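One structure is given below, encoded as structure tokens.
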Amino acid sequence: MSVVEPRDVGAGRFVIHLSALLRAPVVTPSGEAIGRVDDIIVRLGGTDTYPLVTGIVAAVGGRRVFVGTGSVQRFELDRVTLGQNTIDLRHFERRPGEVLLRADVLGYRLIDVAAGELVRAYDVELEDSGEGWVLARLDTRRPPRLFGLLKTPGGHAARDWKAFEPLIGHSRSIAVRRVSGRMGALKPAQIADLLEEADRAEGGEILDRVRSDLELAADVFEELEPEKASRLLDDMPDGEVAALLSRMRADDAADAIMDLRQSRRRRVLDLMPGPHRTKVITLLGFNPGSAGGLMNVDIASCGTGATAGEALAVIGTAQALQPEALLQMHVLNEREQLVGVVSVIALLQAHPADMVATLMDSDPTRVTPDADLIDVAVLMADYDLHTIPVVDDEDRVLGVVTVDDVLKATIPDDWRRREPGPRPVREQPAVTDDSISIGGDGGDWR
């Protein structure tokens, strides 16, 4: 039986594709075929490491058995050669942190972290790192078709594995994936886009990654389309929904409460912390399309006797407030009535000892809570405003409407999730011979 010689593809590295190994015979040193390659096993590591190949799953008779890399003498294009004539025939059982490349990756979607989108893996590239075989690259380009049929793999456009975050539905590997994930590189809006594109299984996997960080989860839910957010909340227990909404802005939490089934609303509200529950209930009393329904009830304010330095200190410590709501300071008199506003820029450019009363606009544009969305939008456009305070009949500030609130309410739903433009894939050097051969080392212990 002839042996396919290895081919050096650069820097002394040898490469093989998963498609070349699947269904390949597993042979003894004497050349006797005892089974076929059913899958390749890798173990996940950190974000800066490549998953290490720990063995193969071999189909032997009616069994799927584990063969560790220590028992493999050579990986080749057309076979896997063992280092001994016998193998352990116990049924294969996956262990935490293990990924099966055919079962979990090939043909499935992963997160392209740089692009913030879901892509499909059409092939997997394994590489001899010098210290063992690793999962080095993915081919995310659909193979060309000939007469409607997929052509034989070839001309791979491989991209670095570290650019992706896998979505693997194996429950015993969840803890490892949560620790080693790259989700932190994504913005909440990108994660929301992924959730809206994902199927049920993929969405569950993505949600599992963000649930461990409730602040991130709250930011993500604030970005979701109401219909999608409602479906996801329906699958969560009341306590988890209440904890999530308690970390959302009060206006977004009020919108989410209204999207719940009516039978759940009171139960969820009762589980929320008192102060946040009060804000949400206040907002629920207004029409969602009015200034009262759009406003954020948390504002930055100071008295007429404050200095520019003191006002900036208030803004600097208001970490719980929406950043857009901090673009101006609301100046209140002793009766908590609005007497003026001053922009952050004006405060920064002033001397710290300057009085805000001398810097403020003493007749700021304001609206009542029943002002409709169009009125608010027109005022913002006419006066180049980023925020508008909402006041009651006695000029007491109830909240503030920010420009992002108006944009979210006015942009049509079908514009908000448009498909991104095509992202170019960096071509890798072509591999014309996928033949590999190495000597295995290490034991079979798992």
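Read-outs: derived from the displayed coordinates by stated rules, not from any lab. These numbers come from a predicted model, not from an experiment. Cβ placement follows ideal geometry from the backbone for every residue including glycine, while neighbour counts extend to all protein chains displayed.
Treat each spin label as a single point 7 Å out from the Cα along the C-beta direction, and report the R335 to D199 distance in nm.
6.4 nm
Given 0.36 nm per residue, what is the gain on full extension from R120 to R261 after removing their alpha carbon distance, in nm?
Numbers: separation 141, 0.36 × 141 = 50.76 nm, distance 3.54 nm.
Length gained, R120 through R261: 47.2 nm.
Tell me, what is the FRET efficiency for M236 and R90 to the nearest 0.05, using R0 = 45 angstrom and their Cβ-Cβ distance as r? Walk me through the numbers on the way to the answer.
Values: r = 40 Å, r/R0 = 0.88.
Between M236 and R90 the formula returns 0.70.
Sorted from largest down, what three extents in whole angstroms do the Cα atoms of the range 228-292 have along their principal axes?
The Cα atoms of the range 228-292 stretch 31, 25, 20 Å along their principal axes.
Restricting things to alpha carbons, find the Rg to Rh ratio for the range 252-357 using the Kirkwood radius for Rh. Write down the numbers at each step before the final one.
Numbers: Rg = 17.1 Å, Rh = 15.7 Å.
Ratio of gyration radius to Kirkwood radius: 1.09.
Just round it to a whole percent: the fraction of Cα-Cα distances in the range 20-132 exceeding 22 Å.
Every Cα pair in the range 20-132 considered, those over 22 Å come to 34 percent.
Would you mind pulling out the separation of the Cα centroids of the range 46-91 and the range 190-260, in Å?
41 Å
Roughly how many nanometres apart are two label points built 7 Å out from the Cα toward the Cβ at T317 and E394?
2.7 nm
Strictly greater than 17 Å: what percent of every Cα pair in the range 36-99 meets that? Could the numbers behind the result be given before it?
On the way: 835 of 2016 pairs.
Summing the P(r) of the range 36-99 above 17 Å gives 41 percent of all pairs.
Where q = 0.16, 0.18, 0.23, 0.25 Å⁻¹, what log10 of I(q)/I(0) comes from the Debye formula for the range 290-344, counting one point per Cα?
Summing over Cα pairs of the range 290-344 leads to -0.47, -0.60, -0.92, -1.05.
Hey, what do the phi angles of the range 271-280 turn into as Karplus ³J(HN,Hα) couplings, whole Hz, using 6.51/-1.76/1.60 and θ = phi - 60°, x for Gly and Pro?
With the stated coefficients, the range 271-280 comes to 8, 7, x, x, x, 5, 4, 4, 4, 5 Hz.
For the range 331-419, what does the equivalent ellipsoid look like in terms of its semi-axes, each the square root of 5 times an eigenvalue of the Cα gyration tensor, given largest first in whole Å?
On the way: eigenvalues 164, 62, 19 Å².
In descending order, the three semi-axes are 29, 18, 10 Å.
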